[in-house]
Every structure is written in structure tokens, then in C-alpha cells.
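What follows is a single structure, written as C-alpha cells, with notes after it.
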Amino acid sequence: MNNWQHSFNNQCNLTEHLQKPYLRFDNREKTTTKVVFDDRTNLIWAGDSYGCVSSYDPSFSLYTRFKGHIGGVAVNDLLSHRDGILSLSEDSLHFSNRRGVTTFNLTSIDIAAFSGLKAMCYSSPEKQHKVYCGGENLASGITSIDLTKGKFMSSGYYNSKVKLLKSNNKLITVGKESGSIDLYDPNSDHIIKSFSGHSATISSMDVCDYTLITAGKSERFSTMYADPFVNVYDLRNMKQLPPISFSKGTTMGNGGADIVQLHPLLPTVMVVATSSGSFDFIDLANPTMRTQYVHPCQSIKDLTLSPNGDYLSIVESNDCLNLWNRSQNTTGFTNLPEPLEYPDCVMDGPTQGPVDIDNDNYPLSSVGLPYYHEKLLSAWPRVIFKSSGTIPRKFDMNSLPFSSNKLTASSQLSNLINEQFPFHRYDKTTMGYRNVAEPYVCVSDLRNHSSIDLKPEELTRYKPANDLEIPPAVRTLPFTSGRFGSNNFDFRGFNKTSYSGLDTDIDNLYTNAILQLYRFVPEVYNFVVGCLKDENLDKITLLSDLGYLYDMMGRSRGKVCSSSGFQLALNSIDEAKELNLVNTPNEYTKDTLALDRLNLNSDKLTPPSTSSTSSSYSKPVEKLYKSLSQRFNDFLLSRLIKEEFTTTGNNTALEQCFGFQLETNVNATCNDYERQSTIIPTLTVLSPARNGIKQSNKKYNNNNNQSILTYIETSMKRIKHINSRCDKCHKQEVVEYERTIKNLPPVLSLEILLTKNEWNTVKNAKNWLAKGFYATILKDKAVIRSNAIDLKSNNQVFKYELNGYVARINDPAGELKLVTYARVFDYKLNVFKWYMLNDYLVIEVDEEEALNISPWWKTPELVIYCDAEELRKPFFSVDTYSINYDILYRDHFAAGVRKGVKTEYKLLTKSEGPTAGTLVAIDAEFVLLNDELSEINCKGAKTIARSKRIALARVSVLRGEESELFGLPFIDDYIVTTDHIENYLTRYSGIHPGDLDPLTSSRPLVMRSVIYRKLWLLLQLGCVFVGHGLYNDFKNININVPSKQIRDTALYFLQGKRYLSLRYLAFVLLGNNVQEGDHDSIEDAHTALILYKKYLNLKENGTLEATIKSLYDEGRASNYKVPEKQAKQL
């Protein structure tokens, strides 16, 4: 094997397409994973870590490139086929022709055994109709695929991790991760022979006819070293031959054999290479005859011989492809190459005449482009243009700060003075420093939430690294919904505390922050949870759903919860829809009336007229708008106060807790204006200047005394002068409009509403957000001081402390992002602790950081101050009250349900009332309101734009205790659904059109509040729920059940990650054929109950593990499906 020459001037970078600007910052490895020669054409195929497959001709010109695997997973193996190319990833097999057109693509969705795949091979080199795949998943074994049909054939049992697969005409050679080699007979599904191979692992392997060669590694001194020899095996006699030495190093472990391959035309010749670049051609018949070469590079990662043996491809560590050849006259990789297909060419030249633009028969590909003698900029190498590019920051013209400097006619900026376009000064707090290049941010990453690539340890960092950075802990978190919902999302790394966060897979995501804020107000928490003791079944109320949510958060002890039940109630309220509070996109909306407009009739009060001359510039007045969170806060508290009054017998506990007594008075020369008094749940906090305080008042304008206390006190007595015409005497004059707060409730809900300039002043003030203060009512107005001694009053003095606040995060993407800072009393340590809650991320923060509002990206919107004594009250559980359990023993159908509806259950009696530990079997059915909306980007990554919405349709609960009524349902409720149903999923749910409509249904229909209370009461009583796949049922019902109260048969018969269906388990273990037609929740719950009893028997007999192994052995043979013929016999 002499005369091999290196083509020094010819090399190709196989990862050049992965060096695009939009891929530079995804923190993923960009490398070539596999290179093979095409057996039939002059092409080299290369797969990379992004799932792309590329082909190159002998001149290294790109022929085709296509995405072989969705999701950007790496290509693990490639096989040349007579009709195209096969590529394998860890969970999919892709087959396409050489032009890149897909023939078929099989994924783990199609074939359950596709998991952790590493290698593949044909049944024999000549027969390419069947391919075998193997990998790291022990439960998958070795899977065979029919390439002619593109379907799964069978799965052979194999209990070792597969690293390499090769085949001759009879056997499949399996190189295992452990370093040993098995000879596997696919016909009999047995291991014919095993060789010990290498002590640590196998790195390369090849087989031809009856010759097998391997290279591997051994472990010495806790380090992996390449073995300095090549193992040779005779497959005819099934024995190992003497190994052939190969060592190119002078020290231990360096220069061993890393790559081996048999010559395609000379079966007794092999090429052996080391990662340092040295390679030898060795004659197996006479190992002393060898030809040695060295590739000039630092290291290599792959070496492959062409089918005709005339070319040698070497992939260097920098992913550059190089060729060696034996003669300059050779022009191809194969001896009889098939011609490559190229697009049809249209002859250049003038057309026969003008072509009608509507002529569909004229090919657009024939429209030529002009020729250029120079290379276009788009074709220049990427290294020339190193600018990463930036995204322009969005900003609202209406919210820009006005210049505080007076512009004169002699000013250099006088040409900018314009009444229509006022002069704005540059604000570095929101736009950053000038002349500083911002880091590159990809638009798609912003849309898809770029923090998804960060680890939980990095996401919990709440302090910024510099003045411009937004800490990861307050950014938009990764979306938890995926192909399997949030079941496969690990929340544990995002919350190490005992306080539960909230999931993001909901409507109206912005409400999470406000709900988490009031969860830590003892007065609110104890009241709404205490309301659960009584029934409230006829109306959908936020009070009940908020109580269920807080009770779930209190019991979950750090486990993530979801406010989906609360969102369903919110979405059903017409007033919330009118206020645009539901299904609002995550943007900072400003569609409410300006706060400057007073709540008086427009015919009574009109704003004073202002005069201006053309020679002078009048400074525009910045209008203030309430944010989306502030509008929701107003609505929430007002709604809760209203619902308490109507549902609890005219009680006013919440009104006394939050209510500000607001008195409005108009001071005028005539006495015809009436004094008005009302109760408001929140106080809007404005700057002292907007509250009517003169700018010359040193008391309120000294920067050293700037704090929120001044803003609160002046906002409790607001004065404004306006033009008004009296309705009685018709006199028009400038009147004084006065709004005064007359009381101090235990909980102060404050909405901070300031302009950009005012926020700049606040952020520059030290300790603006006070930890506490003292307040009293003096001369019919509130007086607030930081020390009690400064009040100088004999009236009752109240001490308030900061309970928490909601801050808006100025996201560069323009999204509305809210986080909550809460102060919680630790009864064990007798101290207060601060927590930051960003949806499901909950971390403890230090007080200094919590009170610091100076960063440009943090703006408080809602602030809660509580009475100091109330703040130290414990959070009570609903168990401390006497709970009404009557709904478990009677029916409560929805309005409109006809009498005499068909029922399949028998109500519980008081004598059989459930207690702690009572077994009940449960199953739930759902319907699809709208399907998932998703997009797949250019890298094949799937992004969910809107997760699917499902609605609870039916719940069945059965008796599980041994008695005469064992297995008899006591709950079988259908739930009223008034929303549009996109798909009833009848095959899986058993729900038919009309079943959930009170006007047409013959089913026992109930409201969602009824069935939810029944399940909640069973949870409170300590019942143990038996079912199959209960995680998804409880998640979609939105109830957190402790693991000690769950008996899930899907987990009891689980081996690895492959769950077994209820139908398959019932068929194999019980001999029953269930779910033959439409699903029935009573049948499914009863089957799960019998399976649980079977599980207890198997466990008691000690045969559980053997039974589970048998279940999976039989399942692999039938793809875990019930045979139709046997099912019909049952």
C-alpha cells in the first residue's frame, strides 16, 4: 500500500454552516459526528451535532444539505444505501434520497424502542432491505426496520449497551460499551459467541467476511488509554487470533490504536490510525509488512477508506476534511459511480418574446439573474465580517422623559424645538450608556425565551453582574409545556424553599405575581382559605377558586402549583373581559383613561384652558396610565369584596381589611356641590407635585427626605384646581377639588404611578422603599412618619411594615414581566425573611437586595404595607374550621338538567363516609378546547406558541374498600362546558357531542365547582386514590394530591421509562379486554382498582419483579399492543 499522497491544497470545513451569526450564542457544541463514503456515487456524507446531513463531491463542492433530525439532535451514524442515505440520531431514523428528499422519517413517537440509539447496520452488505438499530437503552434491545415499507419489524432482546454495529452475510457484530464483542444472530434472536475484547470500552470495529478487527481502550490509573494493539478474530472458527501490535508513542498511553478499518478490496489489509495523526497499512497475513504514514495535524477524529480503496478521508479535530489518494489520475471514490442529479439548466439567451405574468406554464426557474464579475458580499467568508449585530431597543415615544433644561433660541438645539415633536433628553437608565455595543441577542431566542438554555443554578442568581445586566432570576423563565406537557419538566432546581411557586402553562400569566403577593398577606390568606369551609356551588366565584389555590399552595410545601382553576373563573367573568384583563398578550398596555381625568361628570367640571404663544414652547404634560397589573389588582380586590358580601351573608371582613374611605369635596363660592363618600380597595400613589403640593414646599422636595412615606401621605389628601360650572346657579369658576382618605385599614394596597422623570428621582434616592412607618389620623387626614415620636398626637397610632411588592421588569423584548418580593415571618427562628417569586422560581434573597429599587430594570407597581401585628399572624389551614361535607352525600345538578337523568352510580351514605386511608378508585376524561399551536425554526427546534387547552368532561370515583359495594361508583359526574369544543376525543374520552350541554344532555351534569369540591373534600378526608396515570389527571383537574395518598398502577408496573397502557396490563395480567370501543371512566377506574389488588398479591408472593420483566419481554415482541385476534376471543 505505497504511494499514498496528501492533497495539501484541498480541504473542507465540515462545520462552516454552523458558524452563522445566529448560531454563535446558543452554547452548543458544533462538530462533525460521522463521515462516510457513498458506495454508489462520488460523494462524501457528513453528519453533525445539529442533525444536519451534508454531501460533498471529490472537489469538496457542496452537493446537498438537509435537516435529518428534528430538534437539533446529533447524527450518531450514517449508512450509504442504493437509494440514498440513512442517518440515525438518538431517537429517530431518517431515510432520504441523494437529493435530500425524505423517503421516511421514523421517531420515538412512531416506534417506542427508539431511545438512546447509537449505531445501525444492514442485515448483510448485499441485502439492504432491512436495518438493525441499537443503543444505550436496555429496554429497547436491537430493533429491526423494514426499509422497503418504512415500518417497524421487530425488537430483539439484548440487555447490554450497544456502541457499534457491523454485519457480514450471516451475523451482526455488536461492540458493547463495556469493551466486549457479541456475535448476534438476528434470525434466532440469540448471542452465538462473545469475546472479552477490551477491558474498558471499544472505540472502533470492522468486519469483512470472516475477519473481525477491533480497537479499544483500557483503564490505567483512573485514566482511559488506547490499547497498543488491534484484536483480530476468526469468525469461521469462532476464536480470537493473536493481536497485532500498534504503538506510535514513546510514553504510556500515547499513540495506541484508535481507528481500524479493513480494506474494501483487499480483505487481508487493514488501516490502523491513532488520534495523533499516524496511520499504518498492515497485512494481516504478515503483520511485519506495513507501510507507515503521518498526517500533518495536531490530532484527528475520524479516518475512512473509500469504496474503491483509492481515497482516504481524514477529519481533523477542527472538523476540516482532508483527502489522501494513491494516484493523481484517480477521480472518483467508486469504480463505477452513478451519475449525480442536478437541476435542469435553461439555455441563456434572449427569450422568444414577452411572457404573460399569469402564465402558469412558464417556470420561474428560467428567470435568470445578472452575472457579476466580482464576488458578492454574501459569498465572502464569515471571518471578514465579525460584527455580531444588535437589535434596536424598543421604546414608547409617549413615555420618553422630557428635557429639564430650558432651550433658548440661541441654543445649538433650538432647531429641534417643535410643539409637535418636543425635545427629549437621552435616558441612560432605560437605554443604557451611549457608544457601548450591546451583546448580540437573537430575535428567535427572545421570542422563545432565551433563558431556557441556562441551568437552574444560574437561573437562581438574583444579583446583576454589572449595571446593565438583568439578573437571570427575574427574566422570563423557560416555558414548561412540551410534547409531554410539564410532566417532563424538572421544577426541583428552581425552588429549594417550602413555599410553592406557580406554573407558567396558564392563561393570563401576568396574574401569577399578584396572586403570589396576596398569598403572603396573613389576613387575606386566612380569610379566603377559611371560606372553603362552606359550600358555594351555584356561581363561579374568584373567592372560592382563590381559596382552593391558596390551600393547595399551603399544603404543597414547595411543590409547584397551577392557577389554571382561578384562570377559568376569571375568563368566565364578563367584567374582566370588558376591562381587557383576560387573554391579554404579554405587553405593557396603556389603554385606560388618564388618571388626571377626574371621576366627575364632564358637564360639571372641565379642565382649565391654557394659553400659549407661538414664540414660546409650552412643555407637554405627561399623562399617567395604570398598568395591566394595577388594573387587575383593582378588579381583584373589588370583586373579592363584592363576592364576600353576596355569598357569606353580607359580611364585610375584606372591606374592613382593605377599604379606604374616600371623601371627595369641591370647594367653591357657591355651596351647591355635594360631598361624596365611597370605599375603594386600593390607593393610587402619585408624586407630591401631582397631588397638589407646591414645588416650593421644602418639606416634600428635600432629596434627603425623599421616601415613599411622602408620596403615600400626599396621595391620601389630593388637591386639584379645575374649571367647573355649577348645575344649579350655572356659575363657572375655578374650584378646588379635594380627595381625602379618612381611615387607615390594616392592609394598605398601594399602586405606584409615576412618570419617567419621577422614577429617575426615586431611583436616585436612598432607601426610598421604607421598611415600615407609623401613621395616625390627625385633623381628618392621614399623617405618616418614620418614627412614632414625630406624630405628636393623642390619637391611635398604627404601625405598618412592608409585606411585599410586585415589580415590573423592563424586558428588552418588550414583554410584560412581573416578579414578586414577599416578606414572610419565620416562626421557628422568630425573624422575617425575604423571598423573590418569579412564577415557579422561588428563592430567598437578602433584605438589602429586596429593598433596592435603584436598578434601571426594576420598577415597583404594587406595594403592600400591613399592620405590624397582623403581619405576624400565622397562616391557618382550612382544617381548623368545621368543614361542610354534605355534597358528598347528595346530588347537585347544574341548572337546566332534566329530572330523571340516567345515572350509573349510588351515592354514599353517612354510615360509609370516607376516613383517612379509605381506598377510592378514580378516572377522569377530558375534551379538547383548542389544539396546540407550535412552530419549528430553521434548526428543527419546536417552540410552543400556545399550549393546548383541555376541559374536564367527566369524573368517576368508585368504592375501593372490601364490601358488598366494592367497585361500585359513588361519583359519576359530567361537567358543564359552555366554551367551544374543538375535539370531543370520543375514542379516548367516551364523550359525545351534546353530552356536556344542559339543553341536550341526558347525563348527570354538574358545574365544575361541584365536582372540584367533591374531590377536594375526599383529599381533605385523607382518602387514598387508585388509578392509572393519575399525574396527568390531577394536573389537568388542578389539584395537588400528596404522594402518600396516590396508588398509581402505571408506576407499579414500570420498568425504565416505558409506561405500559391500562389496556395492555389488563389483557396480560387480568385476561380482560378493556377499552375495546370508546373509553369509559367507570371501566377504567375499576380496572385500575383490580390491577392494584393484583399488584398487592404479586408483591406479597414475591413474584412482582419476574412478572414485570415478563410484561416487557412480551411487550417488545408485540410493540406493547394487544393482539386483535386474542382480544376478540376475550
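Residues in the range 1075-1116 that are closer than 19 Å to Leu958 by Cα and outside any helix (DSSP H, G or I): how many?
Residues in the range 1075-1116 being closer than 19 Å to Leu958 by Cα and outside any helix (DSSP H, G or I): 3 in total.
Mind checking which pairs have a first residue in the range 626-644 that is assigned to a loop (DSSP other than H, G, I, E, B) and a second that is surrounded by 21 or more Cβ atoms within 10 Å (Cβ to Cβ), Cβ under 8 Å, 6 or more apart or different chains?
Lys626/Glu751; Ser627/Arg808; Ser627/Glu861
If you check Thr664, Thr648, which single one turns out to be surrounded by fewer than 18 Cβ atoms within 10 Å (Cβ to Cβ) and either in the same structural domain as Phe566 (by the TED database) or in contact (Cβ under 8 Å) with a residue 40 or more places away in the chain (or both)?
None of the other options fit; the residue is Thr648.
Could you please find all residues in the range 31-82 being farther than 22 Å from Asn325 by Cβ, among the acidic types (Asp, Glu) and open to solvent by 10 Å² or more (accessible area, probe 1.4 Å)?
Asp77
Can Lys604 be described as under 30 Å from Asn665 (Cα atoms), charged (D, E, K, R) and either surrounded by 15 or more Cβ atoms within 10 Å (Cβ to Cβ) or modelled with pLDDT of 90 or more (or both)?
yes
Residues checked against (1) under 16 Å from Asn667 (Cβ atoms); (2) not polar (S, T, N, Q); (3) not assigned by the TED database to the domain that holds Tyr805:
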residue	(1), (2), (3)
Cys729	yes, yes, no
Arg739	yes, yes, no
Pro745	no, yes, no
Leu750	no, yes, no
Trp759	no, yes, no
Lys763	no, yes, no
Asn767	no, no, no
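Among the residues of the range 880-895, what is the count of those that are farther than 18 Å from Arg959 by Cα and surrounded by 14 or more Cβ atoms within 10 Å (Cβ to Cβ)?
5
Test each condition in (1) assigned to a loop (DSSP other than H, G, I, E, B); (2) closer than 19 Å to Ile1037 by Cβ for Ser498 and report the one that comes out false.
The one condition Ser498 does not meet is (2).
Kindly indicate whether any position in the range 162-182 is more than 15 Å from Leu212 (Cβ to Cβ) and among the β-branched types (Val, Ile, Thr).
yes
Looking only at the range 182-191, decide whether some residue is assigned by the TED database to the domain that holds Ser160, part of a strand (DSSP E or B), among the acidic types (Asp, Glu) and modelled with pLDDT under 90.
Looking for residues that are assigned by the TED database to the domain that holds Ser160, part of a strand (DSSP E or B), among the acidic types (Asp, Glu) and modelled with pLDDT under 90, one finds at least one in the range 182-191, hence yes.
Could you say which residue among Phe25, Phe60 is more than 30 Å from Glu126 (Cα to Cα) and modelled with pLDDT under 90?
From the options Phe25, Phe60, the qualifying one is Phe25.
Need the failing condition index for Gln240 against (1) part of a strand (DSSP E or B); (2) without any contact (Cβ under 8 Å) to a residue 12 or more places away in the chain; (3) open to solvent by 70 Å² or more (accessible area, probe 1.4 Å), just the number.
(2)
Please go through (1) of a type in the set (D, E, K, R); (2) surrounded by fewer than 19 Cβ atoms within 10 Å (Cβ to Cβ); (3) within 17 Å of Ala513 (Cα to Cα) for Lys779 and return the number of the only condition it doesn't satisfy.
Checking Lys779 against (1) of a type in the set (D, E, K, R); (2) surrounded by fewer than 19 Cβ atoms within 10 Å (Cβ to Cβ); (3) within 17 Å of Ala513 (Cα to Cα), the one that fails is (3).
Restricting to the range 979-1027, what's the tally of residues that are small (Gly, Ala, Ser) and more than 22 Å from Val920 (Cα to Cα)?
3
Confirm whether Pro1042 is over 32 Å from the mean Cα position of the chain (by Cα) and either open to solvent by 10 Å² or more (accessible area, probe 1.4 Å) or within 20 Å of Phe893 (Cβ to Cβ) (or both).
Answer is no for this residue.
Restricting attention to the range 1060-1074, report how many residues are under 14 Å from Ala1085 (Cα atoms) and either β-branched (Val, Ile, Thr) or in a helix (DSSP H, G or I) (or both).
Final tally of qualifying residues: 5.
Considering only the range 717-775, state which residues are closer than 21 Å to Thr678 by Cα and assigned to a loop (DSSP other than H, G, I, E, B).
If the condition is that a residue be closer than 21 Å to Thr678 by Cα and assigned to a loop (DSSP other than H, G, I, E, B), then Lys742, Asn743, Leu744, Pro745, Pro746 are the ones that fit.
If you go through the range 210-222 one residue at a time, do you hit one that is within 23 Å of Lys127 (Cβ to Cβ) and either modelled with pLDDT under 90 or open to solvent by 70 Å² or more (accessible area, probe 1.4 Å) (or both)?
yes
I want to confirm something. Restricting to the range 1-30 and keeping residues that are closer than 24 Å to Asn322 by Cβ and acidic (Asp, Glu), which single residue is surrounded by the most Cβ atoms within 10 Å (Cβ to Cβ)?
Filtering first and then ranking leaves Glu16.
Within the range 66-85, how many residues are within 21 Å of Pro339 (Cα to Cα) and in contact (Cβ under 8 Å) with a residue 60 or more places away in the chain?
Residues flagged as within 21 Å of Pro339 (Cα to Cα) and in contact (Cβ under 8 Å) with a residue 60 or more places away in the chain within the range 66-85 amount to 1.
Mind counting the residues in the range 97-155 that are polar (S, T, N, Q), assigned to a strand (DSSP E or B) and over 23 Å from Gly1056 (Cβ atoms)?
Here the count works out to 3.
Given the options Val35, Val53, Val73, name the one that is among the aliphatic types (A, V, I, L, M) and more than 23 Å from Ile111 (Cα to Cα).
Val35
The values are calculated or read from the model by the stated rules, or taken from the named source; none is laboratory data. Predicted model only: the values in this text are computed from it and were never measured. For neighbour counting, all protein chains shown are included, and Cβ atoms are generated from backbone atoms with ideal geometry for every residue, glycine included. When the accessible area is computed, the model is the full protein with side chains, heavy atoms only, and any ligands, DNA or RNA have been set aside. Shrake-Rupley method; radii C 1.70, N 1.55, O 1.52, S 1.80 Å.
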